[in-house]
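The values are calculated or read from the model by the stated rules, or taken from the named source; none is laboratory data. It should be emphasised that the depicted structure is a prediction, and the values quoted were computed from it without experimental measurement. Glycine gets a Cβ as well: all are built from the backbone with ideal geometry, and neighbour counts include every protein chain shown.
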């Protein structure tokens, strides 16, 4: 039911001002609650593109058999870090479609041919469970790629989705 009031000429008008003040008050309260729930050092993150992913920001894969001299595995996925961008950390999210014990690594690759392994563990994931990883680059050096390795013989044939981002 709309709120009505008298305007300065004595006519009855829909009180848009009352509605706007109520809306504004509600918006401020909701905004304050949301902001209080955020950490003081909330970061801004930017999704990174899959290398050779035709512009994709995430990739769904099925774990292949382990590498052999004649047949490489598909366990590696590289994400490109935009040149000229500086990030204080890098994050990856892996969502297992199928549960199992996954071998997972996250590496930051540098232009000089070196890399830093920022995560390397066997992780037990349930169906549709997500795992979030993060790592920081070297001081005064930015990686050109983030490499995520997801595999393991026990999870051959399992599917997962992976995405990474750079955060400031």
Sort out which residues of the range 52-63 are in contact (Cβ under 8 Å) with a residue 60 or more places away in the chain and loosely packed, with under 14 Cβ neighbours inside 10 Å, and write them in order of number. 60, 62
Unmet criterion (only one of (1) touching a helix residue (DSSP H, G or I) at 6+ places or on another chain (Cβ under 9 Å); (2) not in a loop (DSSP other than H, G, I, E, B)) for residue 98: (2)
Does the range 151-164 contain any residue that is surrounded by fewer than 16 Cβ atoms within 10 Å (Cβ to Cβ), in the same structural domain as residue 63 (by TED's automatic domain parsing), within 17 Å of the chain's Cα centre (by Cα) and not in a strand (DSSP E or B)? no
Would you check if there is a residue in the range 88-107 being over 22 Å from residue 60 (Cα atoms) and touching a residue at least 24 places away in the same chain (Cβ under 8 Å)? yes
Determine which member of the set 143, 137 is assigned to a loop (DSSP other than H, G, I, E, B), closer than 17 Å to residue 164 by Cβ, free of Cβ contacts under 8 Å to residues at least 60 places away in the same chain and assigned by TED's automatic domain parsing to the domain that holds residue 85. 137
Let me spell it out: the conditions are (1) surrounded by 13 or more Cβ atoms within 10 Å (Cβ to Cβ); (2) within 26 Å of residue 64 (Cα to Cα), and residue 167 meets all of them except one. Which number is the exception? (2)
